[in-house]
Amino acid sequence: MTDDVIKLGHGGGGLLSRQWIAEEISTRFGQSGPLREMDDGARLALSGANLVFATDSFVVSPLFFPGGDIGSLSVHGTVNDLAVCGAVPRWLSLALIIEEGFATASLRRILDSLQAAAVDCGVQVVTGDTKVVRKGQCDGMYINTAGIGEPLPGFALSPSRLQSGDAVLVSGTLGDHGMAILAARESLPKSDALQSDAAPVHRLVQAIAHLAPHVRFMRDPTRGGAAATLNEIVADQPVGIELVQGQLPFHRAALSLAEMLGIDLLHVASEGRMLLVCAPEAADEILATWRRMPEGAGAACIGEVINDPGRVLLRTDFGGRRVVDVPMGELLPRIC
Amino acid sequence: MQYITAFRQGDAGRHLVQQIARWGAQLADAGRTVFLMEVCGSHTMAISRYGIRGLLPRQIRLLSGPGCPVCVTDAGYIDAAIQLAEQGAIIATFGDMMRVPGTDFSLADARSRGADVRVCYAPYDAIAIARDHPEREVVFLGIGFETTMAPVVALVREIERQSVPNLSVLTAFKLVPPALHALLGDPEVRIDAFLCPAHVSAIIGALAYRPIVAQYGVPCVVCGFEPLDILLGIEQAAAMLCAGTPELVNSYSRVVRPQGNVAAQALLDAFLEPTDATWRGLGTIAQSGMRLRNAFAHFDAAVRFDLRETPGTPDPACRCGDVLKGKIAPADCPLFGGACTPLHPVGPCMVSAEGSCAAHHRYGTAEELGP
């Protein structure tokens, strides 16, 4: 790493994060074995049984935000990592790191929400740990969950399966979670319409299990937004992706705030959406299936796979083209 | 009216692109190529974001001007802000100042090393920070052109009104018209028309550009930041260049009035006075900056903390100055994309999303992308 201290940007999901993982994690742990795939979860084989294993930490601030809280988020985050690996989520571990002085009532609210989310997702919390740190050593509370899921038959997901002409689908509006958090954290002008999209995506995956062979790859666009996720998918691949500007689904409230701050919604995190690349002949059926479900009501085809190695492009409404870049690190609002 | 979509309609855009192509053909017949400078960083950003450069005929070229306030902020100013932070002050700043390189560090680097640097979404946020930390000095970084000057000066007025003893402003204000004069006075620079800034013009008024049209015969079109605004501005500038009739056109009349925002001008005049200013890449331009008048000097962090700002020493290989003057395209700089990237910017044009190098790096050049 060229930086001699860790910056916020190293956790932002953008270029800095990628560089840090490539140089410090992959070199140590990813040379061989499942981590080499750098997927959202690891596919493991154990005495004949196949598993998917994933983990995620939750440090969201504020802990309660429009559309969710750190409790439900810590279930959805790991459930979604398992789901986009084509697995049915089964078990979760739950590790709580709590700041001294944290209100018990808030903790109960968070745990209630976590429990409801686990029931909704059909996962059991089967092991856990609680640590309390001194005042000032963490920001209220942090949660880590790890999850084990059982692979659905038929999915063979890998970016290397992308072919020119494949369809790129998204299950709903992009960037709502990041904008809702930003608005809540920074006390920006609020609108009731601006809600986090935080939700589980496992039902979206299970609903299209019969089309599994047509699905090339799935990923949930969290930190770094759809831009970072799509760039990760095509990195080092012989193909690229072209998005069509007019087909990108954005919520009006999120778009208004993003425009005001000079932030590109393609760079902003979602917590309940899925990006999926599939053979073109399966696209309509997947979209129709998703649109019948509440969590997929806003699903759209946003582009296609093209013969342009490793790049994500966007075709504008005027017919112009531009590169969709990976965000740097932190999202910094522009001055004017 | 739905403002986000109204000025991004594809049909209207394609119509303008066709009209611009006709002017391009006329220029081609005459063997001419014309250079339009978009002055403002938000124009540069929008041009890249909507792929506009690739839609223009070869005879109409866009140059990115010096209108990104972050880009033209001198390294010495960043050094001074970091020095204040190291002395224990809380630095409150607009977000995109964070990554601007100083001589050794950026504010983001300084924060990772323990400096207390906070991103504000509006200048008034600094008052809340100062109220929350009465035992510490808080310094707001007041940079920017006429657009941002007004809210920062409003902050100064508020500091005075509310008697906030521990809040001051480190200013590096810059004025757009003197920079345009300096560019046109540089014999190495060729600019055939200006796309004048949108929000700066909302403050200073469209008539502020009349002397430029009169003195240099260069058409000026005040245009907004939406893609249709920019295409319309290009179309109007090209039309004037083809006809040989340079004029001042205000095509952003939904926001910009001929006289500008008179209340904001009065506020600026009450608090500020002109001064020479150092522009990163362009050097010192006489009377191109503004500073707090003596009566308000106690709100000036440079005075309060007796700061001596020394101009930064830019990397000699960095050609940001030539990019800002429109002499070269970003990709022509030897550092572009190699030693200088948005992740590790050497020069200021790579720092802000509005910077012309950053915009070219992020969104690709027209040549790279093709039609």
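The values are calculated or read from the model by the stated rules, or taken from the named source; none is laboratory data. Quick caveat: nothing in here was measured; it's all calculated off a predicted structure. Counting neighbours? That spans all protein chains shown, and the Cβs are built from the backbone with ideal geometry, glycine included.
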statement: Subset of the range B:127-143, residues buried (at least 23 other Cβ atoms within 10 Å of the Cβ) and within 13 Å of chain A (Cβ to nearest Cβ), comes to B:Phe140, B:Leu141, B:Gly142, B:Ile143
message: Tally up the residues in the range B:55-92 that are farther than 29 Å from A:Phe318 by Cα, more than 14 Å from chain A (Cβ to nearest Cβ) and of a type in the set (Gly, Ala, Ser), please.
response: 7
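Residue by residue, here is whether (1) closer than 29 Å to B:Arg8 by Cα; (2) in a loop (DSSP other than H, G, I, E, B); (3) touching a His at 6+ places or on another chain (Cβ under 9 Å) holds:
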site: A:Pro200; (1), (2), (3): no, yes, yes
site: A:Ala212; (1), (2), (3): no, no, no
site: A:Asp236; (1), (2), (3): no, yes, no
site: A:Leu266; (1), (2), (3): yes, no, no
field: In the range A:244-264, the residues that are more than 8 Å from every other protein chain (Cβ to nearest Cβ), crowded, with 18+ Cβ neighbours inside 10 Å and in a helix (DSSP H, G or I)
entry: A:Gln245, A:Ala253, A:Ala254, A:Leu257, A:Ala258
message: Conditions first: (1) over 30 Å from A:Gly246 (Cβ atoms); (2) of a type outside the set (S, T, N, Q); (3) in a helix (DSSP H, G or I). B:Val72 passes all but one, so which condition is the exception?
response: (3)
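Each row is one residue, and each column tells you yes or no for (1) over 13 Å from the mean Cα position of the chain (by Cα); (2) modelled with pLDDT of 95 or more.
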| position | (1), (2) |
| --- | --- |
| A:Gly147 | yes, yes |
| A:Pro159 | yes, yes |
| A:Ala167 | yes, yes |
| A:Val170 | no, yes |
| A:Leu182 | yes, no |
| A:Arg185 | yes, no |
| A:Ser191 | yes, no |
| A:Leu194 | yes, no |
| A:Ala209 | yes, yes |
message: Of everything in the range B:98-151, what is in a helix (DSSP H, G or I), of a type outside the set (Gly, Ala, Ser) and in contact with a strand residue (DSSP E or B) (Cβ under 6 Å, 6 or more places away or on another chain)? Give them in sequence order.
response: B:Leu107, B:Arg111, B:Ile129, B:Met149
- line: Filtering the range B:93-126 for residues that are modelled with pLDDT of 95 or more and away from chain A (no Cβ under 13 Å) leaves a count of 2
- prompt: What are the residue pairs meeting all of these: first residue in the range B:283-312, first residue more than 20 Å from B:Ile82 (Cα to Cα), second residue part of a loop (DSSP other than H, G, I, E, B), Cβ atoms under 8 Å, and 6 or more apart or on different chains?
  reply: B:Gln287/B:Leu175; B:Ser288/B:Leu175; B:Gly289/B:Leu175; B:Met290/B:Leu175
task: Looking only at the range B:175-192, decide whether some residue is under 14 Å from the mean Cα position of the chain (by Cα) and within 14 Å of chain A (Cβ to nearest Cβ).
output: yes
message: If I ask for residues that are free of Cβ contacts under 8 Å to residues at least 12 places away in the same chain and outside any helix (DSSP H, G or I), which ones from the range A:99-120 would you list?
response: A:Ala103
query: Using beta carbons and a limit of 7 Å, which pairs, at least six apart or on different chains, have the first residue in the range B:176-203 and surrounded by fewer than 21 Cβ atoms within 10 Å (Cβ to Cβ) and the second one at pLDDT below 95 and among the charged types (D, E, K, R)?
result: B:Asp186/B:Lys325; B:Glu188/B:Lys327; B:Val189/B:Lys325; B:Val189/B:Lys327
- request: Identify, by number, the condition in (1) on the phi > 0 side of the Ramachandran plot; (2) touching a His at 6+ places or on another chain (Cβ under 9 Å) that A:Pro89 doesn't meet.
  value: (1)
message: Against the condition touching a helix residue (DSSP H, G or I) at 6+ places or on another chain (Cβ under 7 Å) and more than 10 Å from chain B (Cβ to nearest Cβ), how does A:Glu304 come out, does it pass?
response: no
query: Looking only at the range B:18-44, which residues are within 14 Å of another protein chain (Cβ to nearest Cβ), outside any strand (DSSP E or B) and not β-branched (Val, Ile, Thr)?
result: B:Gln18, B:Gln19, B:Ala21, B:Gly41, B:Ser42, B:His43
